[in-house]
Each structure stands twice: as structure tokens, then as C-alpha cells.
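K.L.:
First, the structure itself, so that you have it in front of you.
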Amino acid sequence: MKGLIKIETKLIILRGNSGSGKTTIAKLLQKNLGEETLLVSQDVVRREMLMLSDLQGNMSIELIKRITEFAKGTCKVVILEGILKKQAYEELLLNLIDYFDHHVYAYYFDLPFTETVERHKLRSSAKEFGEERLNTWWIPNDHLGINGEIMLTSDMSQQDIVDLILHQINESPCS
């Protein structure tokens, strides 16, 4: 019986404030990349699977870690997306970067608050919460500060972002 063929897995990290477009971009990337692309969404793990608040040290951090690590060597690409605020998730993210042997592409949606409010209005969850609640979650400039972290700005369209990421993971060496 032949063993599983191990493949080099690339990790894409998409971070940013609520309403910035992370989930939309992650789904577009997964659709473009096709089979053997795992999408790990912080909101799905934390809110839907575990029904937890986003507090430092919550058990969703460990589950995100285990799901993401599971894909190394078996999936071509793992997309990890979420607010993933630095204060609570930095250790996890840095450990995953090491675990994936630096075959990592990290992006931060560096948008003004007013832009995320406008984008939020287009989401299905817009009726669940509004600008006031978004403001309580807002963390400006929550960059990881790692080499190669790319800032995605409001002047970039969805297609610009998808094209940039696809080009980088297909053409460039990892960070």
C-alpha cells in the first residue's frame, strides 16, 4: 500500500477589521484555486462551530491551529481568514508561519473605518449590527509586522486583490 504523497502547502493569511472583505476574497481565492484548497474561517470556527465570544485564549484558537496544521502536506493551499486581532492571535499566527516553513503569504486589509462601514452595508449581516457596533470592534493598524506582510487598501478592487494574491503564490518565493 502506497503512502500519501506529501505536497508543499502554501498558507494564505487574510486579516483585517470586520467588514473589510476578507471572507469574500477568501471564497474567491478558493474558487480560483480549486480542489485541495482548504478555507479556514475564524468566524465559522469561533461563532458557528463553538459559539464563542472572541476573547483572548478562547478554545477556537486551538481548533483553528489544528485544522490549519492538518492541511500541511495534504492540501495545496490553506486560506486562513478572519479579524485575527494581533493581541489574541499573534502567537497562533507566528507559530503557523513557522509550521508552514515560511511558505506563507500574509495580507492585512488596511482600510479606513468609513470604508469598512460602507462595505458592511452590503453584507447579509448588515441587519444584525451596524456602525456603532463595528466601531467597538475597530482596531486600526493591527499589522502583524512580519516580513512580507502586504497591505491591501481601499483603492484595490476585489479582482485586483485576487489577481495580486494568485500571482504571488504562483510566481513569487514565499516569505
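The values are calculated or read from the model by the stated rules, or taken from the named source; none is laboratory data. Please read these numbers as outputs of a predicted model, since none were measured by experiment. Cβ placement follows ideal geometry from the backbone for every residue including glycine, while neighbour counts extend to all protein chains displayed.
K.L.:
Confirm whether A71 is more than 23 Å from M156 (Cβ to Cβ), touching a strand residue (DSSP E or B) at 6+ places or on another chain (Cβ under 7 Å) and modelled with pLDDT of 95 or more.
P.N.:
Spelling it out, A71 is indeed more than 23 Å from M156 (Cβ to Cβ), touching a strand residue (DSSP E or B) at 6+ places or on another chain (Cβ under 7 Å) and modelled with pLDDT of 95 or more.
K.L.:
Going through region 24-46 one residue at a time, which ones are more than 16 Å from T68 (Cα to Cα) and not charged (D, E, K, R)?
P.N.:
Answer for region 24-46, where residues must be more than 16 Å from T68 (Cα to Cα) and not charged (D, E, K, R): T24, I25, L28, L29, N32, L33, G34.
For every residue, the table says whether it meets (1) in contact with a His (Cβ under 6 Å, 6 or more places away or on another chain); (2) surrounded by 11 or more Cβ atoms within 10 Å (Cβ to Cβ); (3) within 22 Å of Q30 (Cβ to Cβ).
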| position | (1), (2), (3) |
| --- | --- |
| I83 | no, yes, yes |
| L92 | no, yes, yes |
| G130 | no, yes, no |
| T136 | no, no, no |
| G145 | no, no, no |
| E171 | no, no, yes |
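K.L.:
Among the residues of region 21-63, count how many are under 27 Å from I169 (Cα atoms) and either touching a His at 6+ places or on another chain (Cβ under 9 Å) or of a type in the set (K, R) (or both).
P.N.:
3
K.L.:
Here is a follow-up. Could you list, ordered by first residue, the pairs with Cβ atoms under 6 Å in which the first is in region 61-74 and in contact (Cβ under 8 Å) with a residue 60 or more places away in the chain and farther than 24 Å from M51 by Cβ and the second is exposed (fewer than 14 other Cβ atoms within 10 Å of the Cβ) and not polar (S, T, N, Q), at least 6 apart or interchain?
P.N.:
Pairs that qualify, where the first residue is in contact (Cβ under 8 Å) with a residue 60 or more places away in the chain and farther than 24 Å from M51 by Cβ and the partner is exposed (fewer than 14 other Cβ atoms within 10 Å of the Cβ) and not polar (S, T, N, Q), are G73/K6.
K.L.:
Out of the residues in region 115-127 meeting the condition of being of a type outside the set (A, V, I, L, M, F, W, C) and assigned to a loop (DSSP other than H, G, I, E, B), tell me which one is modelled with the lowest pLDDT.
P.N.:
So the residue we want is R123.
K.L.:
Something else about it: Checking the condition surrounded by 20 or more Cβ atoms within 10 Å (Cβ to Cβ) and either under 25 Å from S125 (Cβ atoms) or touching a Ser or Thr at 6+ places or on another chain (Cβ under 9 Å) (or both), which residue from T24, T74, T68 passes?
P.N.:
On inspection, the qualifying residue turns out to be T68.
K.L.:
Name the residue, out of I12, I67, that is within 13 Å of the chain's Cα centre (by Cα), over 23 Å from V117 (Cα atoms) and of a type in the set (A, V, I, L, M).
P.N.:
The match here is I12.
K.L.:
Name the residues in region 146-175 that are touching a residue at least 24 places away in the same chain (Cβ under 8 Å), under 20 Å from P112 (Cα atoms) and either among the polar types (S, T, N, Q) or out of contact with any Leu (no Cβ under 6 Å at 6 or more places or on another chain) (or both), would you?
P.N.:
Result: E149, I150, M151, L152, T153, S154, Q158.
K.L.:
Looking at L55, L93, L29, which one is closer than 20 Å to Q158 by Cβ and touching a residue at least 24 places away in the same chain (Cβ under 8 Å)?
P.N.:
L29
K.L.:
Could I ask something else about it? Identify all residues within region 7-21 that are of a type in the set (S, T, N, Q) and either over 14 Å from I97 (Cα atoms) or surrounded by 24 or more Cβ atoms within 10 Å (Cβ to Cβ) (or both); write none if there are none.
P.N.:
N17, S18, S20, listed by residue number.
K.L.:
Go through region 93-114 and give me each residue that's aliphatic (A, V, I, L, M) and not in a helix (DSSP H, G or I).
P.N.:
Within region 93-114, V104, A106, L111 meet the criteria.
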